[in-house]
Amino acid sequence: MSRVHSHTPFVTFEVAPDATPAPTPDRTITIPSTVGPAIYQLRSIIYSGHMHFAVRLRDDRDVTWIYDGQDNNGVPYRSADETYEQVDPLLHQSSHGTMSAHIYIYALA
């Protein structure tokens, strides 16, 4: 039997499209393991609906970006929201237009 000696770099959570009320993700989660606790930070939310998807993601400088293939010629653009320290645009966006949050992606801190 082999043992894991490191943590997975990403953890994802899928939200059922009809979940009510819509869950609010935590900024940081801790997952216990046999090699010690793993701390993950929310880095991206994928929204879906009407045969379309969009993504809000936070880079390693805590700047939030938006990707929506129907906006800005499909080129990601910086969110008009303030930086992560002042307001957390990822946590306050349970929807993107008519689409709802579908997948939360956390990265190992």
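Being small (G, A, S), part of a loop (DSSP other than H, G, I, E, B), modelled with pLDDT of 80 or more and open to solvent by 40 Å² or more (accessible area, probe 1.4 Å) is a property that does not hold for A80. For segment 55-72, does any single residue satisfy the condition of being more than 12 Å from Y104 (Cα to Cα) and touching a residue at least 40 places away in the same chain (Cβ under 8 Å)? So far as segment 55-72 goes, no, none of its residues is more than 12 Å from Y104 (Cα to Cα) and touching a residue at least 40 places away in the same chain (Cβ under 8 Å).
Pick out the one residue from S44, S6, S33 that is open to solvent by less than 90 Å² (accessible area, probe 1.4 Å) and touching a His at 6+ places or on another chain (Cβ under 8 Å). I'd like the intermediate steps shown before the answer.
Numbers: S44 fails: touching a His at 6+ places or on another chain (Cβ under 8 Å); S6 fails: touching a His at 6+ places or on another chain (Cβ under 8 Å).
Of the residues listed, the single one that is open to solvent by less than 90 Å² (accessible area, probe 1.4 Å) and touching a His at 6+ places or on another chain (Cβ under 8 Å) is S33.
Yes or no: T24 open to solvent by 20 Å² or more (accessible area, probe 1.4 Å), under 13 Å from the mean Cα position of the chain (by Cα) and either farther than 17 Å from H102 by Cα or polar (S, T, N, Q) (or both)? When the stated conditions are applied, T24 passes them.
Applying the selection to segment 41-75, what residues are small (G, A, S) and not in a strand (DSSP E or B)? Give the derivation first.
Quick first cut of segment 41-75, residues small (G, A, S) only: 44, 48-49, 54, 69, 74.
Hits for segment 41-75 are G69, G74.
The values are calculated or read from the model by the stated rules, or taken from the named source; none is laboratory data. None of the values given here were measured: they were computed from a predicted structure. We place every Cβ from the backbone using ideal geometry, glycine too, and count neighbours over all the protein chains shown. Side chains are part of the model used for accessible areas, which takes the heavy atoms of the whole protein and leaves out ligands, DNA and RNA. Shrake-Rupley method; radii C 1.70, N 1.55, O 1.52, S 1.80 Å.
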